[in-house]
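Student: Before we start, here is the structure in question, set down as structure tokens.
Every number in this text was worked out from the coordinates using simple rules, so none of it is lab data. The shown structure was predicted, so the numbers you read here are calculated from the model rather than taken from an experiment. Note: ideal-geometry Cβ built from the backbone for every residue, glycine included; neighbour counts use all protein chains shown.
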Amino acid sequence: MAFNKASEFFKNVKDTIQNKSETEKKLDDALSKQAHFASGTLMQEIARLTFDYMEYPVVMKAVWDGLNHAGKNWRQILKVCSLAIVSGKCRTSLTPDDRRCNCWILS
């Protein structure tokens with residue numbers, strides 16, 4: 001219990017020092033190396049952020065960077081794929097164009 005609190009404290013300090021936005025913090029939580037998956041609510045929030053023109057590049061950069069991970073980071077790749085599926089289900093207007101532009105990563 002104390003370890004979790006200390007870990008969370010250091011994570012908050014690190015985020016503050018790196019000056020991360022709320023979107024980047026949500027992406028870090030959703031696409032972490034942890035064994036658990038992000039909640040559906042968090043995934044939908046991130047998918048909805050792609051409708052915002054300022055947040056869209058941040059989210060899509062995290063998605064495409066996540067797909068470039070090595071095979072040993074299979075958890076992160078699986079989490080990125082599930083985020084892409086959720087964003088597709090939310091009918092994000094810009095996502096199909098971005099998928100077409102970056103389809104070479106998937107092959």
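Student: Taking other Cβ within 10 Å of each residue's Cβ, how do F9, F51 sort, fewest first? Walk me through the intermediate numbers first.
Tutor: Details: F9 10, F51 15.
In order of increasing Cβ crowding within 10 Å: F9, F51.
Student: Let me ask you something else. Pop a pseudo-label 7 angstrom from the Cα along the beta-carbon direction at both R48 and N73 and give the gap in nm to one decimal.
Tutor: About 2.8 nm separates the two model spin labels.
Student: Next question, about the same structure. T41 versus S7, label points 7 Å from Cα toward the beta carbon: distance in nm?
Tutor: 2.2
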